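Everything on this sheet refers to the single structure shown next.
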Protein chains: 4
Amino acid sequence: MATDAKTTRRNNILEKALAIFAKKTFQETTIAEISKAARVSEATVYEYFKTKEELLFAIPEKITREAIEEFEKVLPYLTGAESRVRAIVQAYLTLYHNNPEYSSLVMLQLKTNRRFLQTRAYKLIQSIAGRLLDCINDGITEGVFKKNTDPYLIRAMLLGTIEHLCIRWHLFGRPSNLADYVDPIMDLTFNGMRTRPAGKNLSIHLHLPRDVTLTHEMLSPEDNHS
Amino acid sequence: MATDAKTTRRNNILEKALAIFAKKTFQETTIAEISKAARVSEATVYEYFKTKEELLFAIPEKITREAIEEFEKVLPYLTGAESRVRAIVQAYLTLYHNNPEYSSLVMLQLKTNRRFLQTRAYKLIQSIAGRLLDCINDGITEGVFKKNTDPYLIRAMLLGTIEHLCIRWHLFGRPSNLADYVDPIMDLTFNGMRTRPAGKNLSIHLHLPRDVTLTHEMLSPEDNHS
Amino acid sequence: MATDAKTTRRNNILEKALAIFAKKTFQETTIAEISKAARVSEATVYEYFKTKEELLFAIPEKITREAIEEFEKVLPYLTGAESRVRAIVQAYLTLYHNNPEYSSLVMLQLKTNRRFLQTRAYKLIQSIAGRLLDCINDGITEGVFKKNTDPYLIRAMLLGTIEHLCIRWHLFGRPSNLADYVDPIMDLTFNGMRTRPAGKNLSIHLHLPRDVTLTHEMLSPEDNHS
Amino acid sequence: MATDAKTTRRNNILEKALAIFAKKTFQETTIAEISKAARVSEATVYEYFKTKEELLFAIPEKITREAIEEFEKVLPYLTGAESRVRAIVQAYLTLYHNNPEYSSLVMLQLKTNRRFLQTRAYKLIQSIAGRLLDCINDGITEGVFKKNTDPYLIRAMLLGTIEHLCIRWHLFGRPSNLADYVDPIMDLTFNGMRTRPAGKNLSIHLHLPRDVTLTHEMLSPEDNHS
DNA sequence: AATGAATGAGGGTTCATTCAT
DNA sequence: TATGAATGAACCCTCATTCAT
């Protein structure tokens with residue numbers, strides 16, 4: 001069996017703890033409150049988690065691990081740096097949006113907690129960020145992303161945007177749907193905010209004579225980067 | 001006089017408090033430690049600040065106000081949405097870089113503090129963010145920024161990137177110089193990361209049947225934003 | 001059989017408990033640690049001993065009982081109060097020296113524990129002290145020990161010395177060998193520390209007038225202790 | 001003024017703490033109880049003493065220091081190793097007898113506490129024990145104590161006897177008066193418990209004829225030690 | 001205005017002990 | 001019989017805050 005009684009109870013505590021940690025500060029949250037919510041004694045909480053902080057850090061570990069596992073299944077199907085980057089951004093936004101308590105905890109409390117950086121959970125989170133960087137570098141190598149840009153900056157921009165939106169979502173309730181931002185973010189990041197007189201979103205309407213059929217061979221664009 | 005004895009003492013407390021709050025958590029910092037650093041009694045701290053939290057919130061108020069005053073002097077000289085946006089980004093990065101204790105406090109503790117949002121200091125910070133939004137909207141109106149982009153998202157991207165870099169700077173010590181990132185950020189935000197296959201250097205080789213002559217009318221490019 | 005599986009397990013727990021109690025305080029020692037050392041569950045410890053304190057008190061009982069049994073075999077062969085007293089002192093010092101964990105426990109923790117005085121183990125220890133008192137009284141009756149000395153004080157001196165040495169041995173590691181102290185203690189206790197200017201070899205030269213003849217009746221020595 | 005308000009309050013806490021520590025174990029004693037007895041808040045106790053253990057150790061420090069100061073005034077007036085040794089023994093017994101709570105604490109809890117050995121209070125106690133050793137050595141040098149005895153053993157015997165009696169006094173209420181034991185202890189230690197067939201306390205009753213007057217010249221004892 | 005002194009309020013953590021299996 | 005699991009009950013200690021001087 002995947003979940004025995006012990007695991008169930010552990011998960012129960014984690015779940016209730018998440019709900020409370022997400023609403024209050026770590027400091028404001030008491031073990032008493034958590035144990036009460038989980039309908040166990042305070043001592044029982046300490047049976048499963050050595051300290052209050054360990055309990056705190058155990059929460060993102062579980063969720064992050066599951067999210068990564070899930071995501072790793074999808075990634076192999078995606079080809080091309082752009083779609084992979086997009087997929088990662090989508091994964092972040094979806095995860096945060098679908099798990100508001102989790103994202104609140106991560107964004108408002110863990111991300112700036114120095115001790116969290118020493119955590120297994122953080123290592124997991126880092127691994128996805130590493131994946132993102134890999135994809136960006138792949139894109140540069142492949143030529144779909146500009147050669148002379150700092151991949152770290154690109155990542156910072158993507159993650160920074162996501163985080164900023166997520167934090168505002170939690171603090172102000174806006175925007176209401178994070179997941180809606182995948183494409184806008186991708187577009188902005190890929191193409192920039194500046195209009196292009198001869199710019200990128202160009203579409204060419206070819207009004208071809210009726211008797212001309214456009215075949216595939218007719219159209220062979222070539223990359224010639226600056 | 002602008003600074004009498006009381007103001008001096010108050011500023012002294014603020015200064016010492018900043019230094020300590022920047023190193024430790026709000027919770028970890030004690031009034032005892034601050035009063036010791038400021039060489040006054042704990043009770044004296046309470047003469048100037050009603051609560052520990054009020055003291056915390058009083059710190060960014062002073063620095064932010066000064067930074068804004070400074071910046072407001074410069075802004076009128078800048079014309080054009082792009083240069084104004086750039087100026088604001090630069091102002092942020094410079095302020096954060098030159099005041100590490102301040103930026104550490106803001107990034108790691110205040111930005112995620114719900115009660116901070118009710119603060120005069122926060123209103124000030126918000127005013128700059130409002131200015132940034134104005135500039136972006138101006139740029140859209142002026143036509144230098146794309147019409148169909150969300151100005152809020154653009155701002156989120158700019159601020160998010162700045163914050164992300166700043167946080168990493170504090171937590172990991174990298175990058176070493178925030179101010180260096182003004183231009184890279186502007187370039188990336190303005191132009192995007194994507195090379196433009198259909199971009200400036202794009203060439204489409206149309207292998208049209210011989211009897212088809214390409215006329216000007218056949219080709220009518222249009223902006224069609226996603 | 002004297003030792004079935006249960007007894008074996010019980011003795012195992014006792015043994016491990018002794019080792020730990022001897023190193024730490026009773027309060028510092030946890031059942032968890034003992035059970036771990038004995039490779040049984042905590043609940044099992046409670047199968048054999050009702051409380052932690054009962055476990056503590058069960059330890060000296062076993063060792064003391066065995067030591068007494070051993071000693072009782074020897075005592076009948078000893079004649080004369082002096083040699084019997086000496087034998088008891090030697091028995092104490094040898095027992096303490098050969099069982100450092102036991103003596104540490106007794107000296108540093110049990111001897112001053114009021115509840116230990118209600119214990120069967122204590123009764124056993126007392127019985128030897130009683131024997132010592134008997135021997136001292138015998139010696140007084142026999143005339144080898146001074147009549148007007150307090151036998152309780154003599155015993156207090158012997159036991160106090162032994163205990164003092166034993167405690168110092170445990171706390172400071174000196175002296176290194178308790179058993180070496182049997183004879184010095186006996187000598188000091190029997191003969192005292194004082195040199196005797198008017199000592200054993202005293203001779204009094206009585207220059208009596210010539211006409212006085214010393215008769216036997218004139219000379220009747222009596223003990224008169226101070 | 002020798003005792004300002006702060007010292008008074010501190011002493012009050014010490015006094016109440018002593019009363020309670022003497023009745024219960026250190027572990028059994030709670031700060032709550034002490035603070036209640038001293039009519040201050042628990043927090044106030046911690047204003048004066050960093051930890052419960054520091055409070056415990058502060059008690060003997062005060063009493064021991066005062067006792068030593070007192071004793072040091074007397075010692076210079078005493079000449080001769082014997083009288084000085086006797087004085088120290090008397091000082092011990094008197095101190096313990098007059099301060100039963102203190103002696104209970106020292107005998108039943110502190111003497112066997114390993115951390116107490118690192119204490120200033122212990123250093124003070126040690127200093128008296130050092131004085132005792134000095135006196136014993138002086139006596140050996142002066143020839144009033146036997147040359148070939150171990151001065152450490154003599155001290156162990158004196159202190160061990162005192163401690164043993166004191167512990168029994170606390171645990172069993174006997175003997176009722178410790179101070180009565182000064183002379184018996186001294187006699188026993190000096191002269192030993194053994195009767196001396198040719199021994200020292202011999203007195204010879206000379207029933208001389210009436211007409212014989214014993215003159216000083218008649219009696220000329222000579223030292224001739226073995 | 002400045003502070004020494006006092007404290008109320010609170011929470012994390014530890015374990016001996018129990019009990020159902 | 002053995003034990004995994006659960007918990008009740010305690011307590012030390014910290015500090016922000018107050019107030020009389």
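Read the figures in this text as sums done on the coordinates, not as results from a lab. None of these values were measured; they are calculated from a predicted model. So basically every Cβ, Gly included, is an ideal-geometry build from the backbone, and we count neighbours across all protein chains shown.
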Rg to Rh, two decimals, where segment B:1-49 supplies the alpha carbon set and Rh follows Kirkwood
1.00
Run the dipole for segment D:52-193 about the Cα centre, Lys and Arg Cβ at +1, Asp and Glu Cβ at -1, nothing else charged, and hand back the magnitude in debye, nearest 20.
420
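Across peptide D:181-188, how many C-beta atoms of other chains are within 10 Å of each residue C-beta, on average?
Details: counts 3, 0, 1, 9, 5, 3, 8, 11.
So the per-residue partner count for this stretch is 5.
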Grab the Cα-Cα distance for residue B:78 and residue B:46, subtract it from 0.36 nm times how many residues apart they are, and report the gain in nm with one decimal.
7.2 nm
Segment B:79-201, relative contact order [Cα under 8 Å, separation at least 6], %
37
What are the extents of the Cα atoms of segment A:52-193 along their three principal axes, listed from largest to smallest and rounded to whole Å?
48, 30, 27
If I take every Cα pair under 8 Å that is 6 or more residues apart in segment A:18-148, average their sequence separation and divide by the length, what percent do I get for the relative contact order?
32
Considering every residue in D:164-173, what mean count of other chain Cβ atoms within 10 Å of its Cβ is obtained?
4
Mind listing P(r) for segment B:88-162? All alpha-carbon pairs, 10 Å bins, whole percents.
17, 46, 27, 10
Neighbourhood charge, 10 Å Cβ-Cβ cut-off, centred on residue B:171 and excluding it, Lys, Arg +1 and Asp, Glu -1
+4
Of the convex hull enclosing the alpha-carbon atoms of segment C:139-186, the direction-averaged projected area in nm² is 3.7
Determine the equivalent ellipsoid of segment A:1-125 by diagonalising the alpha-carbon gyration tensor, then write out the semi-axes as square roots of 5 times the eigenvalues, largest first, rounded to whole Å.
29, 17, 12
Cβ-derived FRET efficiency at R0 35 Å, residue A:137 paired with residue A:54, nearest 0.05:
0.50
Mind putting a number on the dipole of segment C:1-49 about its Cα centre? Charges go on the C-beta only, +1 for Lys and Arg and -1 for Asp and Glu, and I need it in Debye to the nearest 20.
120
Given a Förster distance of 41 Å, the FRET efficiency implied by the Cβ-Cβ spacing of residue C:123 and residue D:24, rounded to the nearest 0.05, works out to 0.95
List the lysines whose Cα lies under 24 Å from the Cα of residue A:23, skipping any in the same chain that are fewer than 8 positions away.
A:36, A:50, A:52, A:62, A:111, B:24, B:52, B:111, B:123
